[in-house]
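Quick one: this structure, given as structure tokens, is what I'll be asking you about.
The values are calculated or read from the model by the stated rules, or taken from the named source; none is laboratory data. Please read these numbers as outputs of a predicted model, since none were measured by experiment. Side chains included, ligands, DNA and RNA excluded: accessible areas come from the protein's heavy atoms. Shrake-Rupley method; radii C 1.70, N 1.55, O 1.52, S 1.80 Å.
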Amino acid sequence: MLQRFLPYAVALGAVSLAAVLRGTLLAPMMGGGRAPFGLFTMAIIFTAWMGGFTPGLFATVLGAADRKST
């Protein structure tokens, strides 16, 4: 049962880590402006590689939701 939800947990963790790193490390270096979304791309690629298409799509939606909220 746990193995079925593990790829989605990886997606949530990878996108959350990318959001935190973008907000704490990249934003101050960019002068407080919008930092690039390269970390989200790496998180999505990693998630798709580990879990497949559907967890990768889930990571994409999470990354897009974070982009809309900032």
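Per residue, what accessible area does the chain have, given a 1.4 Å probe and all protein chains present, in Å²?
Per residue, the chain has 68 Å² of solvent-accessible surface.
In whole percent, and with a 1.4 Å probe on the protein chains, what portion of the accessible area of the chain is carbon and sulfur?
Ligands and nucleic acids excluded, carbon and sulfur give 75 percent.
Here's a follow-up. For the chain, what does the helix formula give at 222 nm: sum of -39500 (n - 2.57) over DSSP H segments with n ≥ 4, over the residue count, nearest 500 deg cm²/dmol?
Mean residue ellipticity at 222 nm (helix-derived): -24500 deg cm²/dmol.
Any idea what diffusion coefficient the chain gets from Stokes-Einstein, in µm²/s, Kirkwood Rh on alpha carbon pairs, 10 °C, 1.306 mPa s?
Once the numbers are plugged in, D ends up at 130 µm²/s.
Ordered by residue, what ³J(HN,Hα) values in Hz, to whole numbers, does the range 7-12 give under the Karplus form 6.51 cos²θ - 1.76 cosθ + 1.60, where θ = phi - 60° and Gly and Pro are x?
So the J values, rounded to whole Hz, are x, 6, 5, 4, 4, 4.
Can you give the angle from 0 to 90° between the axis of helix 53-69 and the longest principal axis of the chain, with both taken from C-alpha atoms, to the nearest 10?
It works out to around 30 degrees.
Related question: On full extension of the chain, what length is gained from A65 through L21, given 0.36 nm per residue of separation minus the C-alpha to C-alpha distance?
Once the chain is fully extended between A65 and L21, it gains 14.2 nm.
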